[in-house]
1. Is region 267-277 home to any residue that is under 29 Å from I116 (Cβ atoms), in contact (Cβ under 8 Å) with a residue 40 or more places away in the chain and surrounded by 22 or more Cβ atoms within 10 Å (Cβ to Cβ)?
2. Of the conditions (1) modelled with pLDDT of 50 or more; (2) farther than 22 Å from Y419 by Cβ; (3) not hydrophobic (A, V, I, L, M, F, W, C), T365 clears all except one; give me its number.
3. Quickly run through region 121-170 and pick out the residues that are under 14 Å from V205 (Cβ atoms) and part of a helix (DSSP H, G or I).
4. Using the structure shown, decide if H191 is out of contact with any His (no Cβ under 7 Å at 6 or more places or on another chain) and over 22 Å from R213 (Cα atoms).
5. Would it be correct to say that E192 is among the acidic types (D, E) and surrounded by fewer than 24 Cβ atoms within 10 Å (Cβ to Cβ)?
6. Can you pull out every residue in region 32-67 that is of a type outside the set (A, V, I, L, M, F, W, C), under 16 Å from A93 (Cα atoms) and in contact with a Gly (Cβ under 7 Å, 6 or more places away or on another chain)?
7. Testing V274 on (1) more than 18 Å from the chain's Cα centre (by Cα); (2) assigned to a helix (DSSP H, G or I), one condition comes back false. Which one is that?
Amino acid sequence: MTGKRITDNLNDLLGVLPPEITQKLNEINRQDDLLEVILDLGRVPTARYLHDEIILSDREVNLDDINYVVSRIGDFDADNRAGIERTLHRISAIRNRHGHIVGLTCRVGRAVYGTIDIIQDFIANGKSILLVGRPGVGKTTMLREAARILADEKRVVIVDTSNEIAGDGDVPHPAIGKARRMQVREPTLQHEVMIEAVENHNPEVIVIDEIGRELEAVAARTIAERGVQLIGTAHGNNLENLLLNPTLSDLIGGIESVTLSDEEARRRGTQKTVLERRAAPTFDVLIEIQDRERLAVHHDVAVAVDAMLRGRPLLPELRSRDEEGEIRIETPPAPAQVGRTGYRRQAALPTALPSDEEELPYSPTPPRMPGSPLEPIRIFPYGAARNRLRQAAKRLHVPALLVDSLGEADVLVTLRSYYRKRQKVVAQAENRRMPIYVLRSNTVSQMEHFLTDLFNLQGTGIEDPSLEEAIQEAQQAVQAVLDGARSVDLSPASSYVRRLQHQMARQANLVSHSYGKEPRRRVRILRQ
């Protein structure tokens, strides 16, 4: 790949492996994509490459093979990890319950120069950055390169818990440049070393790998509050993983349950108890490493978390590097996903069913013309009462087909309790990008509201005003209230029209509420 330079010191790792295994690896001659070598007692040795695994010998691994490796590497720490001095390789041990080593994972460590250019604009502007992604995707490699680049201009201290960033031994690997490295005696003491680094060594930037415990999350917040730039990694694949992780959610602001006033709950169209972000995030930017050449970037963690908690997740910016080494940036489109019926698809941790009183963060589907035929929609009710759903469909005269499995369905409807528990069916629907509708309760009224939005029912039994007439009526009502009228009721209208009328009222600093049931639901505009 153009623009990259790789240093792997692979000969040092091959030198500690049994000669038979080293010879086989040299014959395979695929050092560039070798990830790790697995030696388990009583099993054949295996080499894991980027896309496959290869058996290295028909002979099973014995204790002599394991002792051969152990005698040629450094001491194992409390986290059962050891290394080879002045290299980035990591050897992890599996022990039996008597403490004897019965397995080894010999992982190749590489210093890759040139990986950070894809996010160098964030690194250089002083923002705190959190990297997440699956194991082996390149988080530590990017962390190491960021430390080297920043150390040319700033005071950088690396808290190196497992010696993965700067290598084993007292002399750090050249890949970290001028950055200083602090080793951690035991993994459980990482938070203490993080605070010690700030108090004793006056850093401008602190680099941390694998924030995984609550005390480490608290220490990271303490460091950020002292004005030090943080660059770290955490366990998890994406923003949602961190949000649902009670130990690490503090890194992105944390979550708490808040009780709203009656008026605020009506304005939002939610129940009185909702989930909100507890505090400012520790990290400003969150980067999801999807693979070695593709990233998803959340520019503002606070905004992204707030949107997700309100059920309107923002799409991240996508950055990738092509085969020529050129960096491509895909700016996200509209800030919310819309199902095929125009109803907003629920995301993780919703606060309630969206109501017509919410602002429009998207362009909804235009109203269905009265008299036009309805197409059948297959619905899989998960936790929702089928008999009540059939009753609601019968009342509204809509062709709702209730199916018995997710594979047959066009949409999923479930209850809030099922959604928040992240049931398997809900996860499967999200993976298929299927529209998900979340009901507050198992009532016919809620199901009628759901079916009205699903089938885009408007104007049933009444003549729905045109958009121009509805806007003109709302403008006149707003002016009347501003001139002294106590309140003005508008004509019954579709949910699409009502949303626009609510927006117009809020822009004039007035209060608006919706009253009545579909299809005669209307907006009332009044003073605060």
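1. Taking every residue of region 267-277 in turn, none turns out to be under 29 Å from I116 (Cβ atoms), in contact (Cβ under 8 Å) with a residue 40 or more places away in the chain and surrounded by 22 or more Cβ atoms within 10 Å (Cβ to Cβ).
2. Unmet condition: (1).
3. Once the filter is applied, which keeps residues that are under 14 Å from V205 (Cβ atoms) and part of a helix (DSSP H, G or I), region 121-170 yields F122, I123, A124, L143, R144, E145, A146, A147, R148, I149, L150.
4. When the stated conditions are applied, H191 does not pass them.
5. yes
6. Across region 32-67, the qualifying residue is only D40.
7. Result: V274 passes all but (2).
Per-residue answers, yes or no, for (1) out of contact with any strand residue (DSSP E or B) (no Cβ under 8 Å at 6 or more places or on another chain); (2) under 25 Å from V37 (Cβ atoms):
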| site | (1), (2) |
| --- | --- |
| H100 | yes, yes |
| A111 | no, yes |
| T115 | yes, yes |
| L131 | no, no |
| D152 | yes, no |
| R181 | no, no |
| R185 | yes, no |
| I195 | yes, no |
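The values are calculated or read from the model by the stated rules, or taken from the named source; none is laboratory data. Owing to the predicted nature of the structure, the values given are computational and were not obtained by experimental measurement. Glycine gets a Cβ as well: all are built from the backbone with ideal geometry, and neighbour counts include every protein chain shown.
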